[in-house]
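Engineer: Input: one structure, supplied below.
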Amino acid sequence: MVETPRARTRTADPAPATALFSERVRDCFSGAANQYEGGARIQRAIAWRLGHLCRPLAIGPGPKADLGAGTGLLARSIVLHRPDLNLLRLDNCQALLEQEPPQAGASSRLLWDLNLGLPAQLAGASLLASSFALQWLEQPRLQLDQWASQLARGGWLVLAVPCSASFEQWRQAAGRARVPFTGLALPAASELIEAVECQLQVVRCQRLRFSRRRPQALAFLRELKAIGAQASPTGQLSRTELRRLQTHWTPNPPKCPLEWEVLLLLARKP
Ligand SMILES: C[S@@+](CC[C@H](N)C(=O)[O-])C[C@H]1O[C@@H](n2cnc3c(N)ncnc32)[C@H](O)[C@@H]1O
């Protein structure tokens, strides 16, 4: 069973428009929950990489969590490399959290809106891990500051976030087609690095580039939808706009890869 604490309904009201967007994000992920793991290829690869990075870390006894855990790809990868660890999985999407039935000794799960900060039980955390979740929050940098401040001395932040240099092909095609770019506004890697460096000692910092050929705009947008990642503050395109986007998607097909810029950070509280 997923724990639903009373604190979840407590104050820190986000502005109504952003609260609505947060609900839309949750509903989109909820609708795709049972297909998420089948389509989340980059997320799976990154989760594996982060889990591997945790293998040699000296991690103290404080609370440990996977923030925006979804179906638990990252938490499971960390536990695979570090069977001695038990991570609390936090997410505001119950359907994703419930994808994996609890087994004996499995991590506990908490339904929690990360736009409200972290729950009190994570104060003095020895490990805060998060992959592909921070970008969905209303104020990624502010939340990252808070995550860093909640770590205990010697505590670790293990983070992966897609950043603003992603999806240039999509942005340019939208410009040529004169339709809105409906991707999420991703945070700038430099801003997140700066936030982390204010409080933590950065041990590893990489900006990974993943490149995939996606000759069809519609196929790509369907892929996002298949994992529930289609929510957009600018709304969805009409059919006519979609057709225009498709027409302008690949002026030069073999040379138009779609790129993800993923910031990978490993940092420790001194
Ligand atoms: C792309 S999925 C990544 C899931 C998982 N970390 C992984 O790597 O597969 C983004 C996750 O962020 C969660 N999320 C988005 N907004 C959230 C919020 N406000 N509070 C908690 N979780 C949130 C979603 O429900 C979803 O599980």
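Each value in this text was obtained by applying a stated rule to the coordinates, not by laboratory testing. These figures come from a predicted structure and were not determined experimentally. Backbone-built Cβ (ideal geometry, glycine too); neighbour counts: all protein chains shown.
Engineer: Quick check on the exposure proxy: order D84, D145 from fewest to most C-beta atoms within 10 angstrom.
Structural biologist: Lowest count first: D84, D145.
Engineer: Quick one: helix 16-31 against the long Cα principal axis of the chain, what's the angle to the nearest 10°, folded into 0 to 90?
Structural biologist: Taking Cα atoms only, the helix is inclined about 90 degrees.
Engineer: Between G154, G175, G70, where does the largest GNM mean-square fluctuation fall for the chain, given springs only between Cα atoms within less than 10 Å?
Structural biologist: Sorting by GNM fluctuation, first place goes to G175.
Engineer: Let me ask you something else. How far, in degrees from 0 to 90, does helix 217-226 lean away from the longest principal axis of the Cα atoms of the chain, to the nearest 10?
Structural biologist: That works out to roughly 30 degrees.
Engineer: Quick one: among R24, R212, R244, which has the greatest mean-square fluctuation in a GNM of the chain with alpha-carbon springs under 10 angstrom?
Structural biologist: R212
Engineer: Between R209 and E259, what length comes free when the chain is fully extended (0.36 nm per residue of separation minus the Cα-Cα distance, one decimal in nm)?
Structural biologist: Details: separation 50, 0.36 × 50 = 18.00 nm, distance 0.65 nm.
Once the chain is fully extended between R209 and E259, it gains 17.3 nm.
Engineer: Roughly how tilted is helix 189-199, in degrees to the nearest 10 and between 0 and 90, from the longest Cα axis of the chain?
Structural biologist: Orientation of helix 189-199: about 10 degrees from the principal axis.
Engineer: Another one. Just to verify a number: FRET efficiency for E191 and A120, C-beta to C-beta distance, R0 = 25 Å, to 0.05?
Structural biologist: The pair E191/A120 has a calculated efficiency of 0.35.
Engineer: To two decimal places, what compactness ratio does the chain give when its Cα radius of gyration is scaled by 2.2 N^0.38 Å?
Structural biologist: For the chain, the normalised Cα radius of gyration comes out at 1.00.
Engineer: I would also like to ask the following. With each run of n ≥ 4 DSSP H residues scored as -39500 (n - 2.57), what mean residue ellipticity at 222 nm is computed for the chain after dividing by its residue count and rounding to the nearest 500 deg cm²/dmol? Please report the intermediate quantities before stating the final value.
Structural biologist: Numbers: 10 runs with 98 residues, N = 270.
Rounded to the nearest 500, the figure is -10500 deg cm²/dmol.
Engineer: What is the packing order of peptides 128-139, 111-122, taking the mean over residues of other C-beta atoms within 10 Å and listing the highest first?
Structural biologist: Ranking the peptides 128-139, 111-122 by packing returns 128-139, 111-122.
Engineer: Please compute the length gained on full extension between Q236 and R171, using 0.36 nm multiplied by the number of residues separating them and subtracting their Cα-Cα distance.
Structural biologist: Residue separation times 0.36 nm, minus the Cα-Cα distance, leaves 21.9 nm.
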